[in-house]
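See below for the structure under consideration.
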Amino acid sequence: MINYELTNRQYHSRPELSSSDGKAVDQQSVKHWRAKKDKPSDPTPAMIKGSAAHELILTPEDNTIIRGPDTRRGNAWKELLEDANAKDHLLLTSGDYDEVQAIADAVLSHAPAIDIMNEPDAMKEISIFNDDPDTGLSLRCRPDWYSPSKRRLIDIKTTVDASPDYGGFEKHFYKYGYALQCAWYEQVLYNEGLPVEEIIFITVENTYPYCVQNFRIPWDVISYGRGRMRRALDKINRAYEAERFTTGWPDEAIIELPDYLQGE
């Protein structure tokens, strides 16, 4: 099922499993994931800024970002926040708003990014829901940008380092489980009859001078992510069947001397 109307907040309140669930299991454990599921935390200011940047880049015509006061303290902020939440808008401090606008402007003025996003049939921030064919678990994803004619999936990431050098964005790509996310999106889109033949990340640094870099994700990386995704889904499925959500840790572990300390 494709839903074109859900807001970002409405989408994230849904019960289906997202790539964030898969990453939580993959990087920690089923017990950690279930705890986060039972007691979800409020979005951080950094997460809100990331959502705002996506909106200003992808759907500036539907701008729901509010430029608030300089600080989150005081009644002025509280009253504006209550009004913004009631309207499902995003409230930012004046400084955060200006920074998010600068991030969006950097992407929208970056020719290599605009070239690959200039597709009339592009589907932006749609919400997709279907079942995993192997486990039957209900899945969801909300791709930033997908072109049915190009079969191209684009994901926009704000980051501290967008450089293509070793140790730049590549380091964050694996640290934050983006390979699993690529596989997750590719699977959910495929389930919906929307095949993906190429995945591109548009990365933009979240501090001045807001440098932008495109990254094409090769299929061996997506295949690696698919393995991580399948293991995560299998763990979740087994936990539901057994009604046991554990860490899977051994009763006892050993602290090894790392290689970099061997000579001391």
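The values are calculated or read from the model by the stated rules, or taken from the named source; none is laboratory data. The shown structure was predicted, so the numbers you read here are calculated from the model rather than taken from an experiment. Methodologically, a virtual Cβ is constructed for each residue, glycine included, from the backbone with ideal geometry; neighbour enumeration extends over all protein chains shown. Heads up: the accessible areas ignore ligands, DNA and RNA and are worked out on the full protein's heavy atoms, side chains in. Shrake-Rupley method; radii C 1.70, N 1.55, O 1.52, S 1.80 Å.
Of these, 238, 216, 230, which one is of a type in the set (Lys, Arg), open to solvent by less than 80 Å² (accessible area, probe 1.4 Å) and not in a loop (DSSP other than H, G, I, E, B)? Before you say what the answer is, go through the steps one by one.
Values: 238 fails: open to solvent by less than 80 Å² (accessible area, probe 1.4 Å); 216 fails: open to solvent by less than 80 Å² (accessible area, probe 1.4 Å).
The conditions single out 230.
Suppose we filter region 55-68 for residues that are open to solvent by 40 Å² or more (accessible area, probe 1.4 Å), in contact (Cβ under 8 Å) with a residue 12 or more places away in the chain and not aliphatic (A, V, I, L, M); how many remain?
2
Going through (1) open to solvent by less than 50 Å² (accessible area, probe 1.4 Å); (2) closer than 22 Å to residue 181 by Cβ one by one, residue 131 falls short only on (1). The residues in region 108-140 that are under 26 Å from residue 211 (Cα atoms), in a loop (DSSP other than H, G, I, E, B) and either among the β-branched types (Val, Ile, Thr) or in contact with a Phe, Trp or Tyr (Cβ under 9 Å, 6 or more places away or on another chain) (or both) can be counted, and the count is 3.
Residues that are in contact (Cβ under 8 Å) with a residue 24 or more places away in the chain and under 28 Å from residue 95 (Cα atoms) within region 7-45 comprise 7, 8, 9, 10, 11, 45, listed in sequence order. The set of residues from region 85-103 being at pLDDT below 95 and among the small types (Gly, Ala, Ser) comprises 86, 94, 95. Assuming residue 180 fulfils every condition listed in (1) more than 30 Å from residue 235 (Cα to Cα); (2) touching a Lys or Arg at 6+ places or on another chain (Cβ under 6 Å); (3) of a type outside the set (Lys, Arg) apart from one, which condition is it? Among (1) more than 30 Å from residue 235 (Cα to Cα); (2) touching a Lys or Arg at 6+ places or on another chain (Cβ under 6 Å); (3) of a type outside the set (Lys, Arg), the lone unmet condition for residue 180 is (1).
If you check 30, 107, 25 for being touching a Gly at 6+ places or on another chain (Cβ under 8 Å), of a type in the set (A, V, I, L, M, F, W, C) and under 30 Å from residue 226 (Cα atoms), only one passes: 30.
Of all the residues that make up region 66-95, how many are outside any strand (DSSP E or B) and among the hydrophobic types (A, V, I, L, M, F, W, C)?
Of region 66-95, the ones outside any strand (DSSP E or B) are 68-89, 93-95.
Next, from what is left, pick out any that are among the hydrophobic types (A, V, I, L, M, F, W, C): 76-77, 80-81, 84, 86.
Adding up the residues that qualify gives 6.
Return the only residue of 146, 210, 190, 166 being surrounded by fewer than 21 Cβ atoms within 10 Å (Cβ to Cβ), under 23 Å from residue 48 (Cα atoms) and either modelled with pLDDT under 95 or among the hydroxyl-bearing types (Ser, Thr, Tyr) (or both). Spell out the reasoning first.
Details: 146 fails: surrounded by fewer than 21 Cβ atoms within 10 Å (Cβ to Cβ); 190 fails: under 23 Å from residue 48 (Cα atoms); 166 fails: under 23 Å from residue 48 (Cα atoms).
Checking each option against the conditions leaves just 210.
Would it be correct to say that residue 126 is within 22 Å of residue 206 (Cβ to Cβ), touching a residue at least 12 places away in the same chain (Cβ under 8 Å) and open to solvent by less than 10 Å² (accessible area, probe 1.4 Å)?
Details: within 22 Å of residue 206 (Cβ to Cβ): no; touching a residue at least 12 places away in the same chain (Cβ under 8 Å): yes; open to solvent by less than 10 Å² (accessible area, probe 1.4 Å): yes.
No.
Among the listed residues 52, 84, identify the single one that is surrounded by 16 or more Cβ atoms within 10 Å (Cβ to Cβ) and in contact with a Phe, Trp or Tyr (Cβ under 9 Å, 6 or more places away or on another chain).
Going through 52, 84 in turn, just one is surrounded by 16 or more Cβ atoms within 10 Å (Cβ to Cβ) and in contact with a Phe, Trp or Tyr (Cβ under 9 Å, 6 or more places away or on another chain): 52.
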